[in-house]
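Report on the following structure.
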Amino acid sequence: MRIATAALLCTFALEASAAADQRIVRWTHAEASKRIYKGQCPVRLVFTGTIQAARPGEFTFAWKRSDGTLGPARTLQATRKGQAWRFHDEWELSESLRGWAQVWIPSENRGSLAARFLVQCK
């Protein structure tokens with residue numbers, strides 16, 4: 001039983017490593033212009049995203065939000081390892097909300113950590 005478990009873990013580790021090697025995106029990052037906002041609404045939040053390539057290749061990305069919205073997918077072509085892009089998205093809020101937005105990589109089924117925010121309208 002112990003040998004079978006070890007073989008299974010080893011196989012899983014090799015598959016996970018192979019999947020990671022296939023990724024074009026090395027890392028993603030998202031941040032909100034205002035983490036906490038208390039004031040008059042509507043308010044416009046600006047989100048900044050960063051993507052860095054692990055290797056050359058094509059990938060898609062979109063903004064994913066806590067309200068269930070998935071923005072339009074955009075395709076980028078990395079021509080070299082380490083190539084990076086910065087981009088922005090805006091979200092106008094007319095009511096109080098605790099939410100988040102993240103850079104989503106649908107071609108790799110993963111995303112950045114969420115850029116969380118709190119808006120309290122007066």
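Explain nothing, just compute: Karplus ³J(HN,Hα) = 6.51 cos²θ - 1.76 cosθ + 1.60, θ = phi - 60°, for every residue of the stretch 62-79 in order, whole Hz, x for Gly and Pro.
Computed from phi, the couplings for the stretch 62-79 are 7, 8, 10, 10, 5, 7, x, 6, 10, x, x, 6, 10, 10, 10, 10, 7, 9 Hz.
Express in nm, to one decimal, how much length is gained between Ala114 and Leu70 on full extension, taking 0.36 nm for each residue of separation and deducting their alpha carbon distance.
Details: separation 44, 0.36 × 44 = 15.84 nm, distance 1.36 nm.
Length gained, Ala114 through Leu70: 14.5 nm.
Report the residues of the stretch 71-115 in range of a label on Cys121: point 7 Å along Cα→C-beta, backbone N strictly under 15 Å from it.
Residues passing the 15 Å test: 91-99.
Probe of 1.4 angstrom, ligands and nucleic acids ignored: what's the accessible area per residue over the stretch 16-122, in square angstrom?
Details: 6280 Å² over 107 residues.
That works out to 59 Å² for each residue.
Which parts of the stretch 33-72 would a label at Glu90 reach, counting a residue when its backbone N lies under 12 Å from a point 7 Å out along Cα-to-Cβ?
43-47
Search the structure for amide H atoms under 5 Å from the amide H of Lys34, placed 1.01 Å from N in the peptide plane, and list their residues when 5 or more places away or on another chain.
Sorted by chain and number, the residues that satisfy this are Val46.
About its Cα centre, what dipole magnitude does the stretch 14-122 give when the only charges are +1 on Lys and Arg Cβ and -1 on Asp and Glu Cβ, stated in debye to the nearest 20?
So the dipole magnitude of the stretch 14-122 works out to roughly 360 debye.
Count the net charge of all other residues whose Cβ sits under 14 Å from the Cβ of Trp91, scoring Lys and Arg as +1 and Asp and Glu as -1.
Working: positive: Lys34, Arg35, Arg44, Lys64, Arg65, Arg98, Arg116; negative: Glu31, Asp67, Asp89, Glu90, Glu92, Glu95.
Combined, the nearby Lys, Arg, Asp and Glu give +1.
Residue by residue through the stretch 34-50, what is 3J(HN,Hα) from phi via Karplus (6.51 cos²θ - 1.76 cosθ + 1.60, θ = phi - 60°)? Round to whole Hz and write x for glycine and proline.
With coefficients 6.51, -1.76 and 1.60, one gets 10, 6, 9, 10, 10, x, 6, 10, x, 10, 9, 9, 10, 10, 10, x, 9 Hz.
Which order do the peptides 73-84, 55-66 come out in when sorted by mean C-beta neighbours inside 10 angstrom, highest first? Could you put the intermediate results ahead of the total?
Numbers: 73-84: 12.6, 55-66: 17.2.
Top of the packing list down: 55-66, 73-84.
What is the local net charge at Thr50, summed over the other residues whose Cβ is closer than 12 Å to its Cβ (Lys, Arg +1; Asp, Glu -1)?
Working: positive: Arg26, Arg86; negative: Glu31.
Combined, the nearby Lys, Arg, Asp and Glu give +1.
³J(HN,Hα) across the stretch 91-100 via Karplus (A = 6.51, B = -1.76, C = 1.60, θ = phi - 60°), whole Hz, x for Gly/Pro?
9, 9, 10, 10, 9, 4, 7, 9, x, 7
The values are calculated or read from the model by the stated rules, or taken from the named source; none is laboratory data. This is a predicted model, so every value here is computed, not measured. So basically every Cβ, Gly included, is an ideal-geometry build from the backbone, and we count neighbours across all protein chains shown. The protein model used for the area step is the full one, side chains on, heavy atoms only, and it has no ligands, DNA or RNA in it. Shrake-Rupley method; radii C 1.70, N 1.55, O 1.52, S 1.80 Å.
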